[in-house]
Amino acid sequence: CAGALVLARVSRVVFGAWEPKTGAVGSLWDVVRDQRLSHRPHVRGGVLETQCAQLMEDFFRSRR
């Protein structure tokens, strides 16, 4: 998804919960801030972080 954001030249990304293990924004590889790429969107993470993290946990718990 992060690569698609860069290729589509999206100007701004806002998201709730960080994903430290597999995420590509501010985690394993910070794709959207990689200086080697020609476009870097403005990123704001952690918006309603607790609520978003809980939604993700509940969703994946129900899938197991």
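At a glance:
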| read-out | value |
| --- | --- |
| Helical mean residue ellipticity (222 nm; -39500 (n - 2.57) per DSSP H run of 4+; nearest 500) of the chain | -10000 deg cm²/dmol |
| Other-chain or far-sequence residues with amide H under 5 Å of V43's (modelled H) | V13 |
| For the chain, the spread of Cα positions along each principal axis, largest first, Å | 39, 21, 18 |
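Where a number appears in this text, it was derived from the coordinates with a stated rule and is not lab data. None of these values were measured; they are calculated from a predicted model.
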